[in-house]
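Novice: Encoded as structure tokens, here's the structure I'll be asking about.
The values are calculated or read from the model by the stated rules, or taken from the named source; none is laboratory data. Not measured: the values here are computed from a predicted model. Reconstructed Cβ throughout: ideal geometry from the backbone, glycine too, with neighbour counts over all protein chains shown. What goes into the accessible areas is simple: the full protein's heavy atoms, side chains included, and nothing from ligands, DNA or RNA. Shrake-Rupley method; radii C 1.70, N 1.55, O 1.52, S 1.80 Å.
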Amino acid sequence: MRLAAVFQDGMVLQHGKKVPVWGWAAPGEQICISIAGQKVCGVAGDSGYFMLWLEPLEVCRDTDMVITGEGALLHIHHVAIGEVWLAGGQSNMEFYMRYDKDFRKGGDYSNKNIRFYDVPEIAYEGQDKDRDYSLFGFWRPCDMDNIQYYSAVAWAFADKIEDYLNIPIGIIGCNWGGTRAVCWMDETFAKQYAKPWLDDYEAGLKAIPDMDAYIKAYKSDSFNDRTHPFDNPLSDKLSYGVSPEEQARLLREVFPGDSAAAIVIGPCHEWRPCGLYHTMLEKVMPYGIRGFLWYQGEGDADHSDIYGQVLEGVIRCWRQGWKAELPFILTQLAPFDEMYDPSAAAYPALRKCQDEICDRMSGVYCTSIGDLGSRHDIHPKEKRPVGQRMALLALHYVYGMELLCECPKAMGCHLKDQTIWVDFRDGDGLYIRDDQRPPVELFGEEGQKIATGDYEISVQKDCLVIRLIKSYPIKRLEFACTPYHEVNVYNGAGLPVKPFSLDVSEKKIM
């Protein structure tokens, strides 16, 4: 008898809803599961696969689960019952606590109520036999020996939730740096929502002259070994943060010449469409969870025009996999300068898609981190506020707490007496931090940019107010619509205004 890998000592089970437990046994074998005074039994199918459902469980910090078969017994110790979330995306979600700005300052981050399961980063079926994955694929306690492996964003989320709920929190990390959203959906959804990515992949396959040689080279390349992340000096240097010049030099060592052309995405590569859906996400589906956390988008810069529909495909695919309309909480991309990576030119469009998805789909929420970017670093080192802001959305929308959780969102503006008034939803207590000028740009009727010295910016009555010093016909107002910016306008909860672009009208628009 064998259970799915995620069922191990120290795991956290979701409370308050039915929980599936699945695995493999002999065909026809009777399986019984006992936990917290509850017992359920069933029979393995013809293939040996079984899935049994536990009735909703009460919160518990330490109990055991016993699974019995015909002559077999599995005893899982130190099981907690609380809240479980799955944290998905690419490198900024994967970003280890080891590299976090606050963590590196020192202090004790231990918390007996938090546990973390990191899905092994397996790019192709059988890779777990080719590499030593002993550092991953088990439930880690939140102590100082293990926390460096936690996703920094997911830890901050869990820490905030636990602080409010005071119950066990489990995080399942299922993420991989550089991945496109299409990597995390199945073929049916990819064909419907992400066909340009499939077309790119098929064209790339035709350009590989010797597929057997490619596969052999990929499997033997130590750079593709994701099992001991802190033993890779390049990853350490890039993650700790180096100058743009040093970063470029290090990357040239790995990808001589054109780095984009050097990456060949073949049938073993982690960036191939639908690959990680099967080799990672499916391995923990449909483990009982409360919802999803998502930090991704940088990898979709090549097709930013369709990112909104691709993101919708991910959400629908995951919800179908869990057979529930689970909440989906995401964050917009952090500011980043296209001078250091041309792909950042697509970030404004990607951020717009990330914001607009919340208006199109129920149970989808988005926070903003326009004040937390790093001009030359695609991996900003301050992750705690990111996870905390995502947690505020969960605390309000999922757990029903009355608190201001949304970043201010511009709902319209009007021009009166050479003054533009911008109205916000969730703009209560709006203020401008420090003396820095907010990232506002005005454009005239011919699209020309208005000199910043020709208008003043202030806040009045929870509105952003732009007073024109000179009389201009203004057509459009943009806020934080550049790849890199520094947002310093917040609501009373300390949440930054989201990027927006508005046509300026003489009439008030709401």
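Novice: Just for region 39-57: of the residues that are closer than 14 Å to G288 by Cβ and not hydrophobic (A, V, I, L, M, F, W, C), which one is surrounded by the most Cβ atoms within 10 Å (Cβ to Cβ)?
Specialist: My answer is P56.
Novice: Then there is this: Can we say R437 is in contact with a helix residue (DSSP H, G or I) (Cβ under 8 Å, 6 or more places away or on another chain), charged (D, E, K, R) and under 30 Å from A391 (Cα atoms)?
Specialist: Answer is yes for this residue.
Novice: Considering only residues that are outside any loop (DSSP other than H, G, I, E, B) and not aromatic (F, W, Y), look in region 415-434 and name the one that is surrounded by the fewest Cβ atoms within 10 Å (Cβ to Cβ).
Specialist: Among them, the one singled out is K416.
Novice: Looking at region 96-193, what helices (runs of 4 or more DSSP H) fall wholly within it and have at least 2 residues that are on the phi > 0 side of the Ramachandran plot?
Specialist: No helices (runs of 4 or more DSSP H) qualify here.
Novice: Another question, if that's okay. Could you check, for region 435-455, whether at least one of its residues is on the phi > 0 side of the Ramachandran plot and open to solvent by 60 Å² or more (accessible area, probe 1.4 Å)? Break it down into steps so the answer makes sense when it comes.
Specialist: We begin by selecting, within region 435-455, every residue on the phi > 0 side of the Ramachandran plot; these are 447.
Pick out the ones that are also open to solvent by 60 Å² or more (accessible area, probe 1.4 Å) and you get none.
The answer is no; no qualifying residue exists.
Novice: Same structure again: Under 7 Å between Cβ atoms, at least 6 apart or on separate chains: pull out the pairs that start in region 461-486 with a residue that is hydroxyl-bearing (S, T, Y) and end on any residue that is part of a strand (DSSP E or B).
Specialist: Matching pairs, first to second residue: Y472/G444.
Novice: While we're looking at this one, here's another question. Being open to solvent by 10 Å² or more (accessible area, probe 1.4 Å) and either within 30 Å of D462 (Cβ to Cβ) or touching a residue at least 40 places away in the same chain (Cβ under 8 Å) (or both) narrows it down to one residue among G412, G363; which is it?
Specialist: Checking each option against the conditions leaves just G363.
Novice: For region 1-39, name all the residues that are touching a strand residue (DSSP E or B) at 6+ places or on another chain (Cβ under 8 Å), without any contact (Cβ under 8 Å) to a residue 24 or more places away in the chain and more than 27 Å from V398 (Cβ to Cβ).
Specialist: Matches in region 1-39: R2, G28, K39.
Novice: Quick one: in region 257-270, which of the residues that are out of contact with any helix residue (DSSP H, G or I) (no Cβ under 6 Å at 6 or more places or on another chain) and hydrophobic (A, V, I, L, M, F, W, C) is modelled with the highest pLDDT?
Specialist: Once the filter is applied, the top-ranked residue is V264.
Novice: Related question: What's the total number of residues in region 390-409 that are basic (K, R) and surrounded by fewer than 17 Cβ atoms within 10 Å (Cβ to Cβ)? Spell out how you get there, then give the answer.
Specialist: So in region 390-409, the residues basic (K, R) come out as 409.
Subset that is surrounded by fewer than 17 Cβ atoms within 10 Å (Cβ to Cβ): none.
Number of matching residues: 0.
Novice: Would you point out which residue out of S151, S134 is polar (S, T, N, Q), open to solvent by 30 Å² or more (accessible area, probe 1.4 Å) and more than 16 Å from S110 (Cβ to Cβ)?
Specialist: Every option except S134 fails the conditions.
Novice: Another one. If you check A344 against the conditions, is it under 17 Å from A480 (Cα atoms), open to solvent by 30 Å² or more (accessible area, probe 1.4 Å) and not aromatic (F, W, Y)?
Specialist: Judged against the criteria, A344 is not a match.
Novice: Of the conditions (1) closer than 22 Å to V12 by Cβ; (2) modelled with pLDDT of 95 or more; (3) of a type outside the set (A, V, I, L, M), D145 fails just one. Which one is it?
Specialist: Looking at each condition in turn, D145 falls short on (2).
Novice: Please enumerate the residues belonging to region 336-355 that are assigned to a helix (DSSP H, G or I), touching a residue at least 24 places away in the same chain (Cβ under 8 Å) and of a type outside the set (S, T, Y).
Specialist: A344, A345, A346, P348, A349, L350, R351, K352, C353, Q354, D355
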